[in-house]
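Worksheet for the structure shown next.
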């Protein structure tokens, strides 16, 4: 049972990454080494895996897939797309990646807080303001995630819901 949970967690992580790939980047090249093994092919395999795990018909999948993608996007946005401190463990690092234009408010607020903490002259009031902004962004992201999960849950069978809870996609 633990092995199955591990593979569900892995599949969830991979599916979240796959569904985050912009549509324009999903088109597999027609020539070269990635012609038949590009991102689009991987995404298609993961979607097939999810559809099979859920036992969804083609019509059910058409309804589930966009709502599932919304949940996975909301989960990614809530995490902020950043894991811990930036490169360099908190030292001012000019090579640290800046948030992308389409980064989540949580990622932006996290970067702002880290930048403020990197500034040794930052006042406690500045730090508190950035911390409050991050907490507010996380709260809004959590609300968006709950709404997306509720929207998805409304169209699922009990079995499908249980599968997604087991994968930590739903709570």
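Points 7 angstrom from Cα along the Cβ direction at residue 44 and residue 140: gap in nanometres?
Output for this residue pair reads 3.8 nm.
Under 17 Å from a label point 7 Å along Cα→Cβ of residue 147: give me every residue in region 53-67 with its amide N that close.
Only 67 pass the distance filter.
Any read-out appearing in this document is the output of simple, stated calculations on the displayed coordinates, not a laboratory observation. All of these numbers come straight from a predicted model, not from anything done at the bench. Virtual Cβ from ideal backbone geometry, glycine too; neighbours counted across all protein chains shown.
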